[in-house]
Amino acid sequence: MLNRLLPLLITLTFVAAACGGSEQLQIDGLAAEINPEECVDGSGKEVTIYSGRTENLIEPVLEAFACATGISVQVRWGSSTQLALLIGEEGNRSPADVFLSRSPGPVGFLESKGLLGTIDDSVLNLVGEENRSAEGSWIGFSGRKRVLVRNIDLVSDAELPSSVFDLTEEKWRGKVAIPGTNGSFVDWFTVFRDQYGTDVAAQWLNDMVDNDARYYPNNRSIVEATGRGEIEMGLVNHYYNYQEVAAAGDEHRARNHDLDDDDIGSLLIITAATVLDSAENSGAANELLAYLLTEPVQSYFTNRTFEYPLAAGVQPNAALPKLSALEIGSVDFDALGGGFEETAKIIEASGIQNQ
Amino acid sequence: MTRTRAPRELRVIGLICSLAFAFPGLYLIWRNFTSGADPLGLLFAKETLEPFWRTVRLAVLVSLSAAGLGTALAWCTTRTDLPFRRLWRILLPIPLVFPTFIGAAAFIRTLNPGGLANDIFGSIGINETPELRGLFGAWFVLTLFCYPYVYLPVAARLRQLPGSFEQSALILGDTAPQAFRRIVLRQISGSLTAGTLLVFLYTISDFGAVQLMRYDTLTRAIESNYLARPPMAFALSLILLIFAGLVVLAERSVNRRLPEVKSRRVSQPMTYVLGRWKAAATALVGGTLLFAVLAPTMALVDWAADGLLRTQRGGRPLTIDPSKVIEATTNTLSSSVITGFVALMAVTPIAFLVGRYRDRIGRMTHSVVIATFAIPGILIALSLRFWTIRSGFFGDLLYDSMALLIFAYVVRFASLAMGTALVAVKTVPDGLHDAASTLGADRWRRFRSVDLPVMRPGLLAAGGLVILSTMKELPISLIVAPIGFPTLTTRIFGSFEDAFVAEAGIMAVVLVCSSALLSWFLVLRRADHL
């Protein structure tokens, strides 16, 4: 009896599973805001993403993509650094098709290992030249601007500096926080070296250390400490304070201050998307990258996550400070291949991590 | 004592375990060769030595204070007439479950200047609180996170001590402290050193707490060099691992000189009447819980409440819903409980080899298992990926499977069960065993009817230690877990990274509650009684 029933049961299970798979995808919330249309039927195509951009921000976009294209999406979430290391270890057998990075550093790491493939020209052309790789190995799909966050009870508007170079003055002694070893700071400092020369950049960092600049491990901890008044101000990405204010409102006592437009302290740092050289689904991967650059997604980034849009003619949200001329993409990022190693040495030697 | 040769099957199992646990270490050595790293050259460089000594200084301080605190708490909750002992026993292991990256941030949010406890401090007349940072901050936070490594095994051991020794000592004229030093301390020394070793190894491998406290240790240097200077990161990790190995060997040689403990409770354990010390003991236990559990939880609840209130007011909606919380909780609980069981199955044979047969393979495996605890989790994750991708068919089969995830967790945390399991094996009285043998019971029967009942509570406590730690594990959960297998910790990390503090707070509160539930279950099963 059982002998005859078992194959039947197994078949039924498979049939049920197959039916489940072709069921029409339903999306709601932010994802439906990005793609209000009915979902298309599954195309049978799939794409595997390693995402260093976090789930809260990116999942609605990926849901909308799956709904709009019928491509099924698999994601491994993680920190950009760790995922880059993982891809480095997996090499050309990596199951990943696409890598999304929160900052350029991890992309540079994979590029130096020769693991990045070439993105289709039609996709590359969707972003400005300054926000894509000259070799076609990565595109920027949103941006975060460097700013000075300060506690509004401790620092008055009138005395605010206009350049990072002002921060080495005596009046800011012991009052500025620097996320010395954090990825986005390391990227920023690499561009700083490229723009002003290594001597100027290293001198600035040493002067900051002499001026008792205080070390914090990351942007978030600086914004939090500034809100409590533990430290007067700090060099961070603009993004974090928007989240804190969105969460706590006026109770949070820190606000962003924009340094001069042409100051290196106003740099825009892109978040990057790449297709791996070993990607088995490079067609779907390119479709995904193109989707990231469409108008609804770019609008979502600026209106919902308060980042800077980079494509489709979308204007930054009115709440965001206007964009400076400097963008990290405009620097020859590719030529800086070994630049990160040198940057790490300079930062380590400055002793900022012990401040 | 009878010292028979270890059964061959047991030695084979031991050998397999030592190989399995050696994966991360071998990977590290391999990477040192292939990346052109120069660990010897780095060993005496200023940029290695400075963070190295800072690491050692912190680890020694945390070990001492966690050993003292853990033992005191264990004694108060097991051997005295302290009120609400059962409640304390449920709450005291909870700090194990805080992932340090959010736990330390929560401490800062509550206790630092301008923090949540500012008004409370002010109302009791404390206007200047020290800022938690640097050596002091790292020591304070890690002591509170780590005392359970000592508390759990020592409490288990204390419950089991026969009261007769102390009674004799007291009758012969010792004061209570003298009796403690001469009798109790000798009897718990094995558990105490094993627990303290775990504290030491955890401290040298921690990254989350030390970085937020801005205390520059080797792990920070390793972490910020992974991408920029991989050879340096690998070399520093190898130095860390070799140092950990030396510490493990040192502990073993100390442990070998400790008195044999072969006693199982027959009479009731002594219960001391605290009398006028009751207030002080209550203050110690209450104060520990206040700082170690309540302070960080306060910040987590504050974050969570802010988010919920904001949604009520029509602000930004939460990015999580109940179904996501339930999914993550189920994943966390199932994977950690399975890991607890598998870890016990892995360490019990090793504990038998070492504790009963003094087998050489067993001792080697024991050291490998424990030293692995000092390897940063991300390296364990990468090493497993490294080995599976290079092992063809089996690797493909394992990749993206629950089996690999559980294996990685076990490699990371079985060390926590090792010490307690060893004590459990050693406390099975030989006489009982010999009697069973004379009566004709075969090995398997003896194990089931003699060893297991005696060891069961101890093994449960060991499993509990593994389960609570697995629940908070981050890098392995991110890198090795099958795609689409979120745990509470990965969700907390994802939310916290991008300052979605409300979502992170809600998940973290759920994590703390689930751990309290597990802890309650273990206390209920008398796991802390051994």
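The values are calculated or read from the model by the stated rules, or taken from the named source; none is laboratory data. Model, not experiment: these values are computed from the prediction. Reconstructed Cβ throughout: ideal geometry from the backbone, glycine too, with neighbour counts over all protein chains shown.
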Inset, instruction - With respect to B:M298, determine if the residue is touching a residue at least 60 places away in the same chain (Cβ under 8 Å) and in a helix (DSSP H, G or I). - result: yes
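Given the residues B:A176, B:A209, which is the only one that is surrounded by fewer than 19 Cβ atoms within 10 Å (Cβ to Cβ) and either within 14 Å of chain A (Cβ to nearest Cβ) or hydrophobic (A, V, I, L, M, F, W, C) (or both)?
Residue meeting the stated conditions: B:A176.
I'd like to check something: does segment B:376-391 contain any residue that is closer than 22 Å to B:W30 by Cα, among the basic types (K, R) and either under 20 Å from the mean Cα position of the chain (by Cα) or more than 14 Å from chain A (Cβ to nearest Cβ) (or both)?
For segment B:376-391, residues closer than 22 Å to B:W30 by Cα, among the basic types (K, R) and either under 20 Å from the mean Cα position of the chain (by Cα) or more than 14 Å from chain A (Cβ to nearest Cβ) (or both): absent.
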Inset, instruction - Determine if segment B:103-116 includes at least one residue that is aromatic (F, W, Y), buried (at least 24 other Cβ atoms within 10 Å of the Cβ), touching a helix residue (DSSP H, G or I) at 6+ places or on another chain (Cβ under 8 Å) and within 14 Å of another protein chain (Cβ to nearest Cβ). - result: yes
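Conditions (1) assigned to a helix (DSSP H, G or I); (2) farther than 29 Å from B:L158 by Cα, marked per residue:
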| residue | (1), (2) |
| --- | --- |
| B:F373 | yes, no |
| B:L379 | yes, yes |
| B:S383 | yes, yes |
| B:T388 | yes, yes |
| B:A403 | yes, yes |
| B:F407 | yes, yes |
| B:L416 | yes, no |
| B:V428 | no, no |
Legend entry - Within segment A:248-355, helices (runs of 4 or more DSSP H) holding 1 or more residues that are modelled with pLDDT under 85: A:339-350
Inset, instruction - Could you please find all residues in segment A:42-53 being buried (at least 24 other Cβ atoms within 10 Å of the Cβ) and part of a loop (DSSP other than H, G, I, E, B)? - result: A:G52, A:R53
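Matching residues to (1) within 18 Å of the chain's Cα centre (by Cα); (2) within 14 Å of chain A (Cβ to nearest Cβ); (3) not in a loop (DSSP other than H, G, I, E, B):
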site	(1), (2), (3)
B:V150	yes, no, yes
B:F165	no, no, yes
B:R182	no, no, yes
B:Q187	no, no, yes
B:Y215	no, yes, no
B:I222	no, yes, yes
B:L227	no, yes, no
Legend entry - Filter result (among the charged types (D, E, K, R) and assigned to a helix (DSSP H, G or I)) within segment B:462-499: B:K472, B:R491, B:E497
Inset, instruction - Scan segment B:292-333 for residues that are within 12 Å of another protein chain (Cβ to nearest Cβ) and β-branched (V, I, T) and report the count. - result: 3
Inset, instruction - Check A:R150 against each of (1) touching a Leu at 6+ places or on another chain (Cβ under 9 Å); (2) at pLDDT 90 or above; (3) closer than 17 Å to A:V275 by Cβ; (4) charged (D, E, K, R) and name the one condition it does not meet. - result: (3)
Legend entry - In segment B:483-493, the residues that are of a type outside the set (D, E, K, R) and either in contact with a strand residue (DSSP E or B) (Cβ under 7 Å, 6 or more places away or on another chain) or at the interface with another protein chain (Cβ under 9 Å from one of its Cβ atoms) (or both): B:I483, B:G484, B:P486, B:T490, B:F493
Inset, instruction - Take segment B:310-355 and flag every residue that is small (G, A, S) and in contact (Cβ under 8 Å) with a residue 40 or more places away in the chain. - result: B:A328, B:S335, B:S336, B:G340, B:A343, B:A346, B:A351, B:G355
Inset, instruction - Please tell me if B:T80 is under 30 Å from B:A461 (Cβ atoms) and more than 13 Å from chain A (Cβ to nearest Cβ). - result: yes
Legend entry - Condition met for B:T71 (of a type outside the set (F, W, Y), touching a Lys or Arg at 6+ places or on another chain (Cβ under 7 Å), touching a residue at least 24 places away in the same chain (Cβ under 8 Å) and away from chain A (no Cβ under 14 Å)): no
Inset, instruction - Hey, can you tell me all the residues within segment B:102-140 that are closer than 23 Å to B:F207 by Cβ and of a type in the set (D, E, K, R)? - result: B:R109, B:E131, B:R133
Legend entry - Residues of segment B:75-132 classified as more than 28 Å from the chain's Cα centre (by Cα) and at positive phi, total: 2
Inset, instruction - Could you please find all residues in segment A:201-224 being more than 15 Å from A:T181 (Cα to Cα) and more than 14 Å from chain B (Cβ to nearest Cβ)? - result: A:A201, A:Q203, A:W204, A:D207, A:D210, A:N211
Inset, instruction - Could you check how many residues of segment B:500-525 are within 12 Å of another protein chain (Cβ to nearest Cβ), out of contact with any Phe, Trp or Tyr (no Cβ under 7 Å at 6 or more places or on another chain) and either at pLDDT below 90 or not in a helix (DSSP H, G or I) (or both)? - result: 2
Legend entry - Qualifying positions in segment A:206-223 - crowded, with 22+ Cβ neighbours inside 10 Å and assigned to a helix (DSSP H, G or I): A:M208, A:N219, A:R220, A:S221, A:I222, A:V223
Inset, instruction - Looking only at segment B:399-435, count how many residues are hydrophobic (A, V, I, L, M, F, W, C), modelled with pLDDT of 80 or more and over 23 Å from B:G195 (Cβ atoms). - result: 8
